[in-house]
Every structure is written in C-alpha cells, then in structure tokens.
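All remarks here apply to the structure that follows.
The values are calculated or read from the model by the stated rules, or taken from the named source; none is laboratory data. Since the structure is predicted, the reported quantities are computational estimates derived from the model, not experimental observations. No Cβ is skipped: glycine too gets one built from the backbone with ideal geometry, and neighbour counts run over all protein chains shown. Heads up: the accessible areas ignore ligands, DNA and RNA and are worked out on the full protein's heavy atoms, side chains in. Shrake-Rupley method; radii C 1.70, N 1.55, O 1.52, S 1.80 Å.
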Amino acid sequence: MTKETKRGKTMSELTSGCLSLLKYKEAILEHDPIYAEDLNDKWFVFVTKDTEESEEIPESLFQISEKIPVLYFYNFEDHCWGYRVVYNSQEIASLHISYVLLDTSIIKLAEERYPEEDHIEFLYVDPRGDKIRTELIEEVLRSNEYNEKIAKQFTNCNLKTFRFFELDNERIKQLDDILNNNYYTQLESEHQLVEEFKELLNIEEMSWIRADRMNEEGFK
C-alpha cells in the first residue's frame, strides 16, 4: 500500500472519502462535492468540502444521507482503518481498527513499571529494552484488558446495514466471517483485513483518495 513519490521515496497510504451506489450519483452531485468519480461499475466515490484526514464523519454527510445510504471509508496505513455507514441522517454502523493499540498498551505498562525511563527510547532504541519489550508484549497479549479492547473494535459493525449497498446474504456472511476478534488475531499481517474487506465490497480501487491530495495530477 506504499507509494513512490516524485523524489523516489515511499509514503504510506492515506485515504478518506465517501462511497455510495452509482444509482445515487445524480442526487449526490446536487450537494456539490469537491471531487466525484465512478469508482467502478457499482460504486461512486466522492469527497465533500469538510472531508478531512480523519475517522470522523464529515458533517455534510448527515444531510446527504437523509435519503441516500453512504459509506464513509478511511485507511491510514500506519495508524488505523475503518468505516462508518450513514443513512437517514444518522450513523448506523461503524468499525475502527487501530494499528497502534499494542504499542500504546506496551508503553502504558512500561510507564507503570519503569517511571524513571524515557519509554520510547528505552523500549525501541536502547538495547537494554529489547528483552523487556518482548516480555511486555507477551504480557499485554495475554491480558484481558488488551483482548477486550481488540474485541470492542468489532461491536458496532452492524453488517446487515450493507444490504443498503446491495450486498446479498452470502456476501454479508463472508464479512461476518472476517470482521471479528477471533479472525483478526490470527492474521499474519495487520493490513490483511482491510484488503479482504475492500475485496468483498468490490471497492479495491478505493485507495489514495483524500481531499488534500487534489492537485494538477488528480487522485492517483
């Protein structure tokens, strides 16, 4: 998901934008989005003036979604990804997957155990911290508190709302099979889940789309 820049450096994906079915395109265009384009033969992607690099729903979506179901999707490769479904001017489903949950839990524990240390330096730079970091990771992964936080991420998925986007029962069942704590904790890569989610929704092209990247090159 990384991308080459003009200077040859790689950068992590940052995507945030709104999706709805193509049949709602004309109605959505009446709200003057700053960017609007067919994503594929099913989905329409748009960005509103108040869309930011954020997990928060743009305020304008509540008006747009009065009669139109909208999927707000974000993918900030180094930090998190998720979705929020808005319909009838209210949020009816959400998912937020954090990639920093383990690190923040480890640092919190280190602050309690080693208050005299610079915890970032100690855990990730200082050779003395290697063994301790490994021990803290194992302790956090075994803790009820951490596993409850992982499970909590999936509590508001409300997958039946995807029927508003014309997903059939089989596809919703497939989403249910992957959007849960047991499946997530067995993944080899933390970025695997978002790719599987996009594939099941047929939104693989939803990548590198966000308001502040609008320039002479467009979205690429």
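Computed quantities for the displayed model
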item: The one condition in (1) polar (S, T, N, Q); (2) modelled with pLDDT under 95; (3) on the phi > 0 side of the Ramachandran plot that Thr51 fails to fulfil; result: (3)
item: Residue within region 6-16 that is closer than 19 Å to Glu91 by Cα and modelled with pLDDT under 95 present; result: yes
item: Residue list for region 161-174, filter: of a type outside the set (A, V, I, L, M, F, W, C), surrounded by 14 or more Cβ atoms within 10 Å (Cβ to Cβ) and without any contact (Cβ under 8 Å) to a residue 24 or more places away in the chain; result: none
item: Close pairs (6 angstrom Cβ cut-off, 6 or more residues apart or separate chains): assigned to a loop (DSSP other than H, G, I, E, B) in region 175-195, surrounded by 16 or more Cβ atoms within 10 Å (Cβ to Cβ) anywhere; result: Leu179/Phe154; Leu179/Cys157; Asn180/Phe154
item: Pair list, Cβ under 9 Å, 6 or more apart: region 44-62 residue under 22 Å from Leu22 (Cα atoms) and open to solvent by less than 10 Å² (accessible area, probe 1.4 Å), other residue among the hydroxyl-bearing types (Ser, Thr, Tyr) and modelled with pLDDT under 90; result: Pro58/Thr51; Leu61/Thr51
item: Checking Asp78 against (1) assigned to a helix (DSSP H, G or I); (2) at pLDDT below 95, the condition it does not meet; result: (1)
item: Pair list, Cβ under 6 Å, 6 or more apart: region 22-34 residue open to solvent by 60 Å² or more (accessible area, probe 1.4 Å), other residue among the basic types (Lys, Arg); result: Ile34/Lys49
item: In region 205-220, residue modelled with the highest pLDDT [restricted to those that are open to solvent by 30 Å² or more (accessible area, probe 1.4 Å) and outside any loop (DSSP other than H, G, I, E, B)]; result: Asp212
item: Among (1) modelled with pLDDT under 95; (2) over 22 Å from Ile178 (Cβ atoms), the one test that Tyr87 misses; result: (1)
item: Matching entry among Ser65, Ser60 (being of a type in the set (Gly, Ala, Ser) and within 18 Å of Ala93 (Cβ to Cβ)); result: Ser65
item: Residue satisfying all of: in region 190-204; modelled with pLDDT of 95 or more and open to solvent by 80 Å² or more (accessible area, probe 1.4 Å); nearest to Glu77 (Cα to Cα) among these; result: Glu204
item: Complete set of residues in region 30-61 that are out of contact with any Phe, Trp or Tyr (no Cβ under 6 Å at 6 or more places or on another chain), among the hydrophobic types (A, V, I, L, M, F, W, C) and assigned to a loop (DSSP other than H, G, I, E, B); result: Ile34, Leu39
